[in-house]
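*Asks:* Attaching a single structure in structure tokens format; questions to follow.
The values are calculated or read from the model by the stated rules, or taken from the named source; none is laboratory data. Everything quoted here is computed from the prediction, not taken from an experiment. In this analysis, Cβ positions are derived from the backbone assuming ideal geometry, glycine residues included, and neighbour counts consider all displayed protein chains. For accessibility, only protein heavy atoms count, side chains too; no ligands or nucleic acids. Shrake-Rupley method; radii C 1.70, N 1.55, O 1.52, S 1.80 Å.
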Amino acid sequence: MHTKYFIKNYFLFILFGFNLNACLLNPIVQQILCFEKGKDSRESFFLMAYLLNQIPYIELNRTWAGIRKGESLQLEGNYFAFGQNLGSSFQWSSSDPSVASVDSNGLVSGIGNGKVTIRATASDGRATADSNITVYSGYVYTTFNLDNLVGQLTQNASTGILSPTGTIGAGAGSDPNGIVTDPAGKFLFTGNFGNATISQFTINQTTGALTPNATFTSPAGTNPRNLVVTPDGKYVYLASEGTQSIRAFAINADGTLSFINSYSTGIGHSQIQISRDGNFIFFLSSSFTELVSYRINPSDGTLTQAATSPTFANDFSGNVATHPNGNYLYVGSFPAITVLSFDSVTGNMNFVESETHSMGINGSAIHPNGRFYYTININEGSISCYMIDPNTGRLSFNFTLSVLFPSSLRFMVIDPTGRYAYVAENNGTNMFQFSINQTTGELTSMGTVNLTYRQWNLTFL
């Protein structure tokens, strides 16, 4: 064999370490390795360059999913390299086996509440692909703020219909507003607007029932509202409306809270949000026309202001939603929805676009597939849906669904499978239930569930 062809072939084999049989079936590889005498060398060069630039990749059948505790999901994939499908044999791993395990064939088993990344690695080690899995119990918890109660509902796994399964008054505090669980599903917290406390509950891992902790309230400033929890379950952050501050707490092993610090915001606001990676808190600035990011110190939970967004139009409201890919923020306010890009390293935010909405937004939710953004229009008794371009973050109007008028719709939660949505209503005792078309985002009513009490906020576990 001529020296230059030997060097070329040797280079290919050493560089790639590919499966010889599979690679020889590729017509491009054949043309390079079996170069025809008299053929233009430039053609061989371009074919070789093409091959060298092919980045191996894995396609999985699910890049995200929600599964119940105790149930399983089969992940499958194909490995592509050099323009060929080289098969579906992978090494599988879980980022947290206590949440979900995966066997050698890609069968994922839900173990405990939380989020986990399942990774497929090609047998030659040259490509990986991830599937983001949420393991859930199928419980919805809601605050009955006017009655000083917290309610529990259980989701039917087949139909998505909710059934009331419990109401607790002990330890619920006065006028409970915000509500959140820790990622592991062990503890639940409410911000009690009426008596400046946070209630703390332990969740029964079998039934979902709530039990007030021995020490079930923590000082939370004046008029505490909504709360967020870090993905690692270590810290709680609260919007203290009357005190005009963000208050930080550490979650103890028994679910009680220890106060860390208070951070003045110069604004009395009810909404607070956390980044998808759990490294930043988002809150409106004192002018209400900017969003401020605060960096979370993972070792002690303290906050440091990181950045301020460009100015946008706002009427002193603003509900912030984060895109599942972590790259975009959506500030729902009046008269427009503001889309910001987000740098997860620096906390910086840049303007993407402003989408005229002209309705009062109280809550919002983004579908787990990252393609649909829903706004809960409190005064209009309606829900609006926008299509999201995940690559740019931009919105395009999809539809507005009138639910009830007059009404006082508050917040929406979407279950981790993306099939169902539930909306709290504070003007009546019925909670709204919808199925979701995962291709179009369309909401189809599944009726209401009567809870006897008016709801303020809700969370899905």
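*Asks:* Per residue of region 347-363, what does 6.51 cos²θ - 1.76 cosθ + 1.60 with θ = phi - 60° give for ³J(HN,Hα)? Whole Hz please, x for Gly and Pro, Karplus curve as stated.
*Replies:* x, 5, 10, 10, 6, 9, 6, 10, 10, 4, 10, 6, 9, x, 9, 9, x
*Asks:* State the number of lysine pairs found in the chain whose Cα atoms come within less than 24 Å, restricting to pairs 8 or more positions apart or on distinct chains.
*Replies:* 10
*Asks:* If you don't mind, another one. Please list Lys234, Lys115 from largest to smallest accessible area, probe radius 1.4 Å, with all protein chains kept in place. Show your work: numbers first, answer last.
*Replies:* Values: Lys234 80, Lys115 150 Å².
Ranked from most to least accessible, the order is Lys115, Lys234.
*Asks:* While we're on this one: Taking all protein chains together and a probe of 1.4 Å, list Tyr139, Tyr237 from the most accessible to the least accessible. If you can, show how the numbers build up before the last one.
*Replies:* Values: Tyr139 25, Tyr237 0 Å².
The residues order as Tyr139, Tyr237, largest area first.
*Asks:* Right, another one. Accessible area, 1.4 Å probe, largest first: how do Leu153, Leu146 sort?
*Replies:* Leu146, Leu153
*Asks:* What angle do you read, to the nearest 10 degrees and between 0 and 90, between the alpha-carbon axis of helix 41-52 and the longest principal axis of the chain?
*Replies:* 30
*Asks:* Further question: Which ³J(HN,Hα) values, rounded to whole Hz and listed in residue order, are derived for region 133-140 from phi using the Karplus coefficients 6.51, -1.76 and 1.60 in 6.51 cos²θ - 1.76 cosθ + 1.60 with θ = phi - 60°, glycine and proline given as x?
*Replies:* Karplus values, whole Hz, x for Gly and Pro: 10, 10, 9, 9, 9, x, 10, 10.
*Asks:* To continue, here is another question. At 0.36 nm per residue, and after removing the present C-alpha to C-alpha distance, how many nm does the segment from Thr215 to Thr440 gain when stretched out fully? Please report the intermediate quantities before stating the final value.
*Replies:* On the way: separation 225, 0.36 × 225 = 81.00 nm, distance 4.64 nm.
Using 0.36 nm per residue and subtracting the Cα-Cα distance, I get 76.4 nm.
*Asks:* Return the long-range amide H neighbours of Ser174 (sequence gap of 5 or more, or a different chain), with a cut-off of under 5 Å between placed amide H atoms.
*Replies:* Placed amide hydrogens put Gly194, Asn195 under 5 Å from Ser174.
*Asks:* Measuring with a 1.4 Å probe in the full set of protein chains, what accessible area per residue, in whole Å², belongs to the chain? Working shown, then result.
*Replies:* Details: 19280 Å² over 461 residues.
Accessible area per residue: 42 Å².
*Asks:* Something else now. Quick one: which residues, 5+ away or cross-chain, put their amide H under 5 Å from the amide H of Arg68? H built at 1.01 Å from N.
*Replies:* Amide H to amide H, under 5 Å and 5 or more residues apart or across chains, Arg68 pairs with Tyr136.
*Asks:* Taking Cα pairs under 8 Å and at least six residues apart, what relative contact order does the chain come out at, in percent? Walk me through the numbers before you get to the answer.
*Replies:* Working: 1227 pairs, mean separation 40.7, N = 461.
Dividing the mean separation by the residue count of the chain yields 9 percent.
*Asks:* I'd like the per residue volume of the convex hull spanned by the Cα atoms of region 156-291, given in cubic angstrom.
*Replies:* Measuring per residue, one finds 126 Å³ for the Cα hull of region 156-291.
*Asks:* Beyond 20 Å, what share of the Cα-Cα pairs of region 275-340 remains, rounded to the nearest whole percent?
*Replies:* Numbers: 582 of 2145 pairs.
Summing the P(r) of region 275-340 above 20 Å gives 27 percent of all pairs.
*Asks:* Going highest first, how would you order 269-278, 326-335 by mean Cβ packing within 10 Å? Walk me through the intermediate numbers first.
*Replies:* On the way: 269-278: 20.0, 326-335: 21.7.
Top to bottom by mean Cβ count within 10 Å: 326-335, 269-278.
*Asks:* Shape of region 312-461 from its Cα gyration tensor (a ≥ b ≥ c, root eigenvalues): rounded if a/c is under 1.5, otherwise prolate when a/b > b/c, or oblate?
*Replies:* Numbers: a/c = 1.86, a/b = 1.49, b/c = 1.25.
It comes out prolate by the Cα gyration axes.
*Asks:* Additional query: Ordered by packing density, taken as the mean number of other Cβ atoms within 10 Å over each peptide's residues, highest first, how do 213-221, 306-314, 422-430, 439-447 rank?
*Replies:* On the way: 213-221: 19.0, 306-314: 16.9, 422-430: 20.8, 439-447: 14.0.
Highest to lowest by the protection proxy: 422-430, 213-221, 306-314, 439-447.
*Asks:* Can you give the Kirkwood hydrodynamic radius for region 401-461, in Å, rounded to one decimal and based on Cα pairs?
*Replies:* On the way: mean 1/r = 0.0840 Å⁻¹.
Computed over region 401-461, the radius equals 11.9 Å.
*Asks:* Using only alpha-carbon positions, what ratio does the radius of gyration of region 263-381 give when scaled by 2.2 N^0.38 Å? All intermediate terms of the calculation are to be shown ahead of the outcome.
*Replies:* Details: Rg = 13.6 Å, N = 119, 2.2 N^0.38 = 13.5 Å.
Expressed relative to 2.2 N^0.38 Å, the Cα Rg reads 1.01.
*Asks:* Also, quick follow-up: For a quick size check, give me the Cα extents of the chain along its three principal axes, largest first, whole Å.
*Replies:* Each principal axis gives a Cα extent; for the chain these are 87, 47, 44 Å.
*Asks:* Further question on the same structure: Give the angle, between 0 and 90 degrees and rounded to the nearest 10, that separates the Cα long axis of helix 3-16 from the longest principal axis of the Cα atoms of the chain.
*Replies:* Value to nearest ten degrees: 20.
*Asks:* While we're here: What number, rounded to the nearest 500 deg cm²/dmol, is the helix-based mean residue ellipticity at 222 nm of the chain, given -39500 (n - 2.57) per DSSP H run of at least four residues and division by all its residues?
*Replies:* Numbers: 4 runs with 38 residues, N = 461.
Estimated from H runs of four or more residues: -2500 deg cm²/dmol.
*Asks:* So if I average 1/r over every pair of distinct C-alpha atoms in region 174-224 and take the inverse, what Kirkwood radius in Å does that give?
*Replies:* Numbers: mean 1/r = 0.0906 Å⁻¹.
Hydrodynamic radius (Kirkwood, Cα pairs) of region 174-224 is 11.0 Å.
*Asks:* Give the long-range amide H neighbours of Leu75: residues separated by 5 or more places, or on another chain, with amide H under 5 Å away, using H modelled in the peptide plane at 1.01 Å from N.
*Replies:* Placed amide hydrogens put Leu107, Val108 under 5 Å from Leu75.
*Asks:* Right, another one. In the chain, what percent of the accessible surface is made up of carbon and sulfur (1.4 Å probe, ligands and nucleic acids excluded)? Walk me through the numbers before you get to the answer.
*Replies:* Numbers: 9730 of 19280 Å².
In the chain, the share of accessible area belonging to carbon and sulfur is 50 percent.
*Asks:* Using each residue's phi in region 90-104, evaluate 6.51 cos²θ - 1.76 cosθ + 1.60 at θ = phi - 60° and report the 3J(HN,Hα) Karplus result to the nearest Hz, with x for Gly and Pro.
*Replies:* Going residue by residue, I get 9, 9, 10, 8, 10, 6, 8, x, 6, 9, 8, 9, 9, 8, 5 Hz, with x marking Gly and Pro.
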